[in-house]
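Colleague: My structure is below; once you've seen it, I'll send some questions.
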Amino acid sequence: KKKEFDRLLIKNSKASYFLGYWQNKEYFEDCSHVIKNELRPKIIKKNTVNFIKKLKKNHVAIHIRGGDMALETHYSFLSNEYYFKIIKFLKKKNNSLKYHVFTDDVKYSEIFLEKIKLKNYEIISKTYNFSAIEELFIMQHYKYLIINRSTFSWWSSYLSNKNKTTIFAPKIWRTNFYLPKSLKTKNMKLF
């Protein structure tokens, strides 16, 4: 990889490349308002706006990551228990919740949702033709957001309206490692 990086530097002497793990809110806390503005889609389609307008307080967004998660060595699929605990907690608040599922792997999500016996859900990623950017944006508008151990989930939660959204996140972020303090936000509840 070092040789590839050196070649990039030679070919593109006017460009800068930064290697590393950048998922840490402390890097950009001072300019979060700029980042939130920059990461807002510049063009928001009418069907996306209409979908967001129809969201109600009893809608819960769930991000289920499938796909490459099975290949990751430091991560694993979240256990059924993680979702059970959150759903039980939310049912105490409101028994008429409707769950909107966002995923990169519809087949895995369907099998998983059957396993946890979740009722009253719709897989938005299957039903609608939203792009990944539109889904990231839509997820930011829910009162409750259940995230997975993924950058996509975390950014959606970070960009959400902090005062109005309750984020549910896994205590264990990587195999045997708790969610780093640098990723935890004030409105996050760990399960």
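The values are calculated or read from the model by the stated rules, or taken from the named source; none is laboratory data. This one's a predicted model, so the numbers in the text were calculated from it and none came from an experiment. A quick note on method: Cβ atoms are made from the backbone with ideal geometry, for glycine too, and the neighbour counts reach across all protein chains shown. Protein only, heavy atoms only, side chains kept; ligands, DNA and RNA dropped before computing areas. Shrake-Rupley method; radii C 1.70, N 1.55, O 1.52, S 1.80 Å.
Colleague: So, in the range 125-148, of the ones that are in contact (Cβ under 8 Å) with a residue 40 or more places away in the chain and β-branched (Val, Ile, Thr), which residue ends up most open to solvent (accessible area, probe 1.4 Å)?
Modeller: ILE133
Colleague: Still on this structure: Could you look through the range 94-109, keep only residues that are of a type in the set (A, V, I, L, M, F, W, C) and over 17 Å from SER156 (Cα atoms), and pick out the one that is least open to solvent (accessible area, probe 1.4 Å)?
Modeller: This residue is LEU97.
Colleague: Among the residues of the range 51-90, write down those that are at pLDDT 85 or above, of a type in the set (D, E, K, R) and in a helix (DSSP H, G or I).
Modeller: Once the filter is applied, which keeps residues that are at pLDDT 85 or above, of a type in the set (D, E, K, R) and in a helix (DSSP H, G or I), the range 51-90 yields LYS53, GLU81, LYS85, LYS88.
Colleague: Right, here's the next one. Considering the range 175-190 alone, what residues qualify as being over 16 Å from THR165 (Cβ atoms), assigned to a loop (DSSP other than H, G, I, E, B) and in contact with a strand residue (DSSP E or B) (Cβ under 8 Å, 6 or more places away or on another chain)?
Modeller: Selection gives LEU179, PRO180.
Colleague: Can you tell me which residues in the range 130-146 are outside any helix (DSSP H, G or I) and not small (Gly, Ala, Ser)?
Modeller: PHE130, GLN140, HIS141, TYR142, LYS143, TYR144, LEU145, ILE146
Colleague: Is it true that some residue in the range 45-68 is without any contact (Cβ under 8 Å) to a residue 60 or more places away in the chain, farther than 20 Å from ILE167 by Cα and among the polar types (S, T, N, Q)?
Modeller: Yes, the range 45-68 has at least one match.
Colleague: While we're looking at this one, here's another question. Go through (1) open to solvent by 80 Å² or more (accessible area, probe 1.4 Å); (2) touching a Leu at 6+ places or on another chain (Cβ under 9 Å); (3) touching a residue at least 40 places away in the same chain (Cβ under 8 Å) for ASN120 and report which single condition fails.
Modeller: (3)
Colleague: Restricting attention to the range 43-53, which residues are surrounded by fewer than 12 Cβ atoms within 10 Å (Cβ to Cβ) and over 14 Å from SER131 (Cα atoms)?
Modeller: If the condition is that a residue be surrounded by fewer than 12 Cβ atoms within 10 Å (Cβ to Cβ) and over 14 Å from SER131 (Cα atoms), then ASN50, LYS53 are the ones that fit.
Colleague: Criterion first (closer than 26 Å to THR166 by Cα, modelled with pLDDT under 65, open to solvent by 100 Å² or more (accessible area, probe 1.4 Å) and out of contact with any His (no Cβ under 6 Å at 6 or more places or on another chain)) does TYR27 satisfy it?
Modeller: No, not satisfied.
Colleague: Give the residues of the range 160-176 that are open to solvent by 20 Å² or more (accessible area, probe 1.4 Å) and either closer than 18 Å to PHE137 by Cβ or out of contact with any His (no Cβ under 8 Å at 6 or more places or on another chain) (or both), sorted by residue number.
Modeller: Correct list: ASN161, LYS162, ASN163, LYS164, THR166, LYS171, ILE172, ASN176.
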